[in-house]
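These notes are about the structure you will find just below.
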Amino acid sequence: MHAVPPWHRLAAPDPRPHRRRRRRADDIERLYYISKFNDGTTICGLGDAAGYACSGILDKFRDEFEYCIEHKHSKFGGNLECLRSS
Amino acid sequence: MPEIFINGQAIEARDDQTVMEVAREHGHFIPYFCWHPQLSVVGNCRMCLVEVEGRGLDIACNMPVAKGMQVFTNSEEVQAHPKAILQFITLNHPVDCGICDKAGECTLQDYHYEYSGQRSLSHDEKVRSTKFYNLSNRILLDNERCILCLRCTRFTHGASRSPWRWASSGAATSRISARSRTGR
């Protein structure tokens, strides 16, 4: 099996069992590290921007990521919650 | 003849030179993979990052000299980058130095030792590629160990005019290949 699925098979579902949902404690710091060093080390600015998006969501929703790492499931059941400001 | 400063040392450079050429002429070491003095500049390895005062980090191989520019090749920020870049470069590298012919005379190894390189950060399986690929009847290419510096394609495109191509079927599955049947 390919580690990266070939393009023409992307429409078909991946028959392998989900092995990738390993929430490691150091994942957040690792993503910050990768985003930081992606900046300036790619030919195209899209590489930098991928890191900006990643560190952006980690900045804004860090509590949800930490909750997911600790409890092994999403904080809001995978829903997007818009909390009404009081 | 602009005068530039590399690590504080004043150097007289020519108008058409890049910072990489000037630095090498005067003994300042800047690491690189894809640069070659006689090939075109691509800037895809990003190892030759230097810090320019007022402009931040940028690659030296494609940086023209400017009068009075202050270049630092050993500042803290510059030294933090090669380690991470090596991790990215070896993301799908098999690291089979034990059975590789190049072991011992390999700049990838040398830079890993020099900059305390570490293994890549990905926990996923490495992407496989063709390991015994005949580029020609004399050259055998291992596409997994290839870091895609593209020196070979730039040489064949610019100097020898033979037809090796860079097959970019995908970012992680890119590989060097011989001429395709359509001849393009």
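All of the numbers you see were taken from the coordinates with simple rules; none came from a lab. Given the structure is predicted, the values throughout are model-derived calculations rather than measurements. Here the Cβ is made from the backbone with ideal geometry for all residues, glycine too, and neighbour counts use every protein chain on show.
Annotations
- Each Lys or Arg adds one and each Asp or Glu subtracts one; over the other residues with Cβ under 15 Å from the Cβ of B:PHE33, this totals +4.
- Selection among B:LEU121, B:PRO2, B:LEU148 by position relative to the dipole of chain B gives B:LEU148 as farthest towards the positive end (Cβ unit charges, Cα centre).
- Solitary cysteines of chain B, where the nearest other Cys Cβ is not under 4.7 Å: B:CYS48, B:CYS61, B:CYS97, B:CYS100, B:CYS106, B:CYS146, B:CYS152
- When only the Cβ of Lys, Arg, Asp and Glu is charged (+1, +1, -1, -1), the dipole of region B:1-157 relative to its Cα centre reaches about 600 debye.
- Annotation: amide H-H contacts under 5 Å for B:ILE6 (H modelled 1.01 Å from N, sequence separation of 5 or more, or interchain): B:ILE11, B:VAL71.
- Exceeding the 25 Å Cα-Cα cut-off - candidates B:LYS83/B:LYS126; A:LYS36/B:LYS126; B:LYS102/B:LYS131; A:LYS36/B:LYS131: A:LYS36/B:LYS131
- Shape class for the protein assembly as shown: oblate, because the ratio a/c of the largest to smallest gyration tensor axis (alpha-carbon atoms, square roots of eigenvalues) is 1.5 or more and b/c is at least a/b.
- Backbone HN-Hα couplings from phi across region B:45-54 [Karplus 6.51/-1.76/1.60, Hz, Gly and Pro as x]: 8, 6, 7, 8, 4, 10, 9, 10, 5, x
- Residue by residue along A:28-36, Cβ atoms of other protein chains within 10 Å of the local Cβ number 2 on average.
- Spin-label model distance (nm) - A:ASP27 vs B:GLU76, 7 Å beyond Cα toward Cβ: 3.1 nm
- A straight line joining the Cα centroids of region B:81-131 and region B:31-73 runs 22 Å.
- Taking the alpha carbon gyration tensor of region B:82-162, multiplying each eigenvalue by 5 and rooting it gives semi-axes of 24, 15, 13 Å, largest first.
- Taking Cα atoms only, the orientation of helix B:76-89 departs from the longest principal axis of chain B by about 10 degrees.
- Charge-dipole axis of the protein assembly as shown as Lys and Arg at +1 and Asp and Glu at -1 on Cβ define it, positive-most pick from B:ALA66, B:SER177, B:ALA84: B:SER177
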